[in-house]
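Enquirer: Quick one: structure below, then a few questions.
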Amino acid sequence: MSDLKETAREAGADMKEAWRKADGEESLGDKVANAGDRLENAAKNAGDELHEEVDEASRDAAYEKGRADEATNR
């Protein structure tokens, strides 16, 4: 799922950059806005990745707890 989100974010940033260049020149403000868009996307992608890793760790911990609980009930 995060690959799809990342691809969509990059496509959005590409479209914004193209729109900013549509007038034939790229101002300093355009360059700053483009960099800001890319940084924002990188932060969102990192957040998505962290969220997925935390979810996986939580599932693993719940599984292990269940195994431990089952072993003590035998």
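Enquirer: Going through the range 25-67 one residue at a time, which ones are of a type in the set (S, T, N, Q) and either surrounded by fewer than 10 Cβ atoms within 10 Å (Cβ to Cβ) or out of contact with any Lys or Arg (no Cβ under 9 Å at 6 or more places or on another chain) (or both)?
Expert: Ser58
Enquirer: List every residue pair whose Cβ atoms lie under 7 Å apart, where the two residues are 6 or more positions apart in sequence or sit on different chains, the first residue falls within the range 41-67 and is among the basic types (Lys, Arg), and the second residue, located anywhere, is surrounded by 10 or more Cβ atoms within 10 Å (Cβ to Cβ).
Expert: Lys44/Arg9
Enquirer: Return the total of residues in the range 4-35 being closer than 17 Å to Ala46 by Cα and among the basic types (Lys, Arg).
Expert: Number of matching residues: 2.
Enquirer: Among the numbered criteria (1) among the hydrophobic types (A, V, I, L, M, F, W, C); (2) surrounded by fewer than 12 Cβ atoms within 10 Å (Cβ to Cβ); (3) more than 13 Å from the chain's Cα centre (by Cα); (4) part of a helix (DSSP H, G or I), which one does Ala8 miss?
Expert: Result: Ala8 passes all but (3).
Read-outs throughout are calculated quantities, based only on the coordinates presented, and are distinct from any laboratory measurement. Quick caveat: nothing in here was measured; it's all calculated off a predicted structure. Neighbour counts are summed over all protein chains in view; Cβ atoms, including those assigned to glycine, are modelled from backbone coordinates with ideal geometry.
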